[in-house]
1. Give me the one-decimal nm value for the distance between modelled label points at Arg43 and Met1, 7 Å along each residue's Cα-to-Cβ direction.
2. Once you have the alpha carbon radius of gyration of the range 2-73, what is it after dividing by 2.2 N^0.38 Å, with N set to its residue count?
3. Among the trypsin sites (Lys or Arg not before Pro) within the chain, which fall in a DSSP loop and have no more than 12 other Cβ atoms within 10 Å of their own Cβ?
4. Quick one: dipole size for the chain, taken about the Cα centre, charges +1 on Lys/Arg Cβ and -1 on Asp/Glu Cβ, in debye to the nearest 20.
5. Mind checking the full-extension length gain between Ala12 and His27? Use 0.36 nm per residue of separation minus the Cα-Cα distance, one decimal, nm.
6. Can you sort His3, His48 by how many other beta carbons sit within 10 Å, fewest first?
Amino acid sequence: MPHEVRRASGEAVPAGGLRVTRLMDQHAFLATSSELVPGDLVRFGVSHPCTAFDKWRAIPVVDDAGVVVDVLRTYF
């Protein structure tokens, strides 16, 4: 679920026009009606916890600026 695009300049814009069309392991295929350029960072949310928490040993916690402020360890 794309939530936001952060430009290389630091500007954050809504991820309107982006949608995930396919997943393959850790890869997400995107369809876009908006312009992405090299250096853009697409911020995603988790669509369902079971699809993430059983696969990640460490989950970064970020603040509103996208800075990692903590790490959650998982044990499955």
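Since every read-out is calculated from the coordinates, none of them should be taken as a lab result. Since the model is a prediction, treat every value here as computed from it, not as a measurement. Virtual Cβ from ideal backbone geometry, glycine too; neighbours counted across all protein chains shown.
1. Spacing of the two 7 Å Cα→Cβ label points: 1.4 nm.
2. Relative to the 2.2 N^0.38 Å estimate, the range 2-73 comes out at 1.19.
3. Taking the chain and a limit of 12 other Cβ atoms within 10 Å, the loop trypsin sites (Lys or Arg not before Pro) found are Lys55, Arg57.
4. 260
5. 3.1 nm
6. His48, His3
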